[in-house]
Amino acid sequence: MKTWAWGLWLVGGLVAGCGMYGLPSQGNAPVVAQETRYRVVPVLDGLVHPWGMAWLPNGELLITERPGRVRRVRSGVLQKEPVSGVPQVLAAGQGGLLDISLHPRFGEMPWVYLTYAEGTGEANRTVVARATWDGQGLTDGRELLRVNPTKSGTQHFGSRLAWLPDETLLVSIGDGGNPPTALAGQFIRLQAQNPRSHLGKVLRITAAGTIPPDNPLGAKASPEIWSWGHRNIQGLAVDTKTGQVWATEHGSRGGDEVNRLQAGQNYGWPLATHSREYFGPEISPHRSLAGMVDPVWVWPETAAPSGLAVYRGDKFPQWQGQLLAGGLISQAVHRFQVNAQGQVTEAGKMTIGGRVRDVRVGPDGLIYVLTDAPNGQLLRIEPAP
């Protein structure tokens, strides 16, 4: 197949020029350049605002489209008919059918998990649902989690899914939206600091949708909460080797973050942030506060991160354990090496030329990218010959 793009992946985007690529946390080691030859190959197009993807054991690929469809890719060919059994969704603004994930033991439990927006423009929420894959479509669908409280507007649904080693499921939930969106007389983003609200959190449930008894915050909080103080996480991944949870989080105007997540921790939003209001002023005078966890990386310019993977394949051995983060506005895949102290020691950027919505490592060890557009693409990143 014809190669769409190729080049050297360099720290700091040095293909285009010199300069610091990002803002590491205080105390980080210097960012060290590495170069790798790659090429980006188009697999298929014709996807309508694709959002998430998951591989079936037989190598077929399921892709969600935000308007409310799951598409099936067989032998590299997008099947004409959407998958049956998909729930009705609120497809408006940033809402719609969003992420997809399979149970870790899919051969024994052929369950497909979906996140989506439900309701109206005036009252809506994120929902997590589970259905059974029968080889052709989804059956026996049931809701596992309904986010509370409901919100108005169609922004900040979060909605990424990731499995912990104990087969419990993490779900990112956005803070509800930008000002002037409000709840109970306050900007809704303050819900990220409300331990009784699901908004602005990462939630943890079992595969059956029940609440794990060891969730960290206990009686002082909504029992599903696993971490809090988030704006809108659209990149969430668990390192299959170490069990470490990673997230990429949208800032407002600037302030996009890479975070190393830990159970029970508060990540600051909106009380501590590098973001500014879209109309200019600071959101908070604080970049860091006691009792809150700082990001390991802050983009100096808006990347709009969406989609995240930890590389554990065999095609790019030099990237073992590195983070691969998509960017909607940067139209790139960003690469980060983070050491045991939470310091970014290497960073790179590869321009894709489209709004990167999701990044995954395929079962073949290659890197797959979805671009968010009315005619969205599935792309494959592979070593250049």
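The values are calculated or read from the model by the stated rules, or taken from the named source; none is laboratory data. Since the structure is predicted, the reported quantities are computational estimates derived from the model, not experimental observations. Glycine also receives a Cβ, built like all others from the backbone with ideal geometry; neighbour counts cover every protein chain displayed.
What is the residue count in the stretch 79-94 for residues that are over 21 Å from residue 209 (Cβ atoms) and in contact (Cβ under 8 Å) with a residue 24 or more places away in the chain? Walk me through how you get there before you give the answer.
Step one: filter the stretch 79-94 for residues over 21 Å from residue 209 (Cβ atoms), giving 79-84, 91-94.
After this cut, where a residue has to be in contact (Cβ under 8 Å) with a residue 24 or more places away in the chain as well, the list is 83-84, 91-94.
Summing the residues that are over 21 Å from residue 209 (Cβ atoms) and in contact (Cβ under 8 Å) with a residue 24 or more places away in the chain in the stretch 79-94 gives 6.
Please state which of the following conditions residue 280 fails to meet, knowing it meets all the rest: (1) touching a His at 6+ places or on another chain (Cβ under 6 Å); (2) modelled with pLDDT under 95.
Failed condition: (1).
Can you name every residue in the stretch 262-279 that is within 28 Å of residue 218 (Cα to Cα) and free of Cβ contacts under 8 Å to residues at least 60 places away in the same chain? Steps first, please.
Filtering the stretch 262-279 down to residues within 28 Å of residue 218 (Cα to Cα) leaves 262-273.
Those that are within 28 Å of residue 218 (Cα to Cα) and free of Cβ contacts under 8 Å to residues at least 60 places away in the same chain: 262, 263, 264, 265, 267, 268, 272, 273.
Of the numbered conditions (1) crowded, with 24+ Cβ neighbours inside 10 Å; (2) within 15 Å of residue 308 (Cβ to Cβ), residue 228 fails exactly one; give the number of that condition.
Checking residue 228 against (1) crowded, with 24+ Cβ neighbours inside 10 Å; (2) within 15 Å of residue 308 (Cβ to Cβ), the one that fails is (2).
If a residue has to be surrounded by fewer than 22 Cβ atoms within 10 Å (Cβ to Cβ), within 15 Å of residue 225 (Cβ to Cβ) and aliphatic (A, V, I, L, M) to count, how many in the stretch 194-207 make the cut?
Qualifying residue count, the stretch 194-207: 1.
Quick check on the stretch 170-193: of everything there that is within 22 Å of the chain's Cα centre (by Cα) and in a loop (DSSP other than H, G, I, E, B), which residue is surrounded by the fewest Cβ atoms within 10 Å (Cβ to Cβ)? Show your work before the answer.
Initially, the stretch 170-193 is screened for residues within 22 Å of the chain's Cα centre (by Cα), giving 170-178, 188-193.
Imposing the further condition that a residue be in a loop (DSSP other than H, G, I, E, B) reduces the set to 174-178.
Numbers: 174: 29, 175: 30, 176: 32, 177: 24, 178: 17.
If we take residues in the stretch 170-193 being within 22 Å of the chain's Cα centre (by Cα) and in a loop (DSSP other than H, G, I, E, B), then 178 is surrounded by the fewest Cβ atoms within 10 Å (Cβ to Cβ).
Just one of 117, 129, 92 is more than 25 Å from residue 60 (Cβ to Cβ) and in a strand (DSSP E or B); which is it? Steps first, please.
Numbers: 129 fails: more than 25 Å from residue 60 (Cβ to Cβ); 92 fails: in a strand (DSSP E or B).
Of the residues listed, the single one that is more than 25 Å from residue 60 (Cβ to Cβ) and in a strand (DSSP E or B) is 117.
Of everything in the stretch 219-264, what is part of a loop (DSSP other than H, G, I, E, B) and among the aliphatic types (A, V, I, L, M)? Give them in sequence order. Before you say what the answer is, go through the steps one by one.
Let us first name the residues in the stretch 219-264 that are part of a loop (DSSP other than H, G, I, E, B), namely 221-224, 229-232, 239-244, 250-251, 255-256, 262-264.
221, 263, listed by residue number.
Identify, from the list 355, 335, the residue that is in contact with a strand residue (DSSP E or B) (Cβ under 9 Å, 6 or more places away or on another chain) and either among the acidic types (Asp, Glu) or free of Cβ contacts under 8 Å to residues at least 60 places away in the same chain (or both).
Working: 335 fails: either among the acidic types (Asp, Glu) or free of Cβ contacts under 8 Å to residues at least 60 places away in the same chain (or both).
Of the residues listed, the single one that is in contact with a strand residue (DSSP E or B) (Cβ under 9 Å, 6 or more places away or on another chain) and either among the acidic types (Asp, Glu) or free of Cβ contacts under 8 Å to residues at least 60 places away in the same chain (or both) is 355.
Could you tell me whether any residue of the stretch 353-363 is modelled with pLDDT under 95 and outside any strand (DSSP E or B)?
First, pick out the residues of the stretch 353-363 that are modelled with pLDDT under 95: 353.
Checking which are outside any strand (DSSP E or B) leaves us with 353.
Checking the stretch 353-363: at least one residue is modelled with pLDDT under 95 and outside any strand (DSSP E or B).
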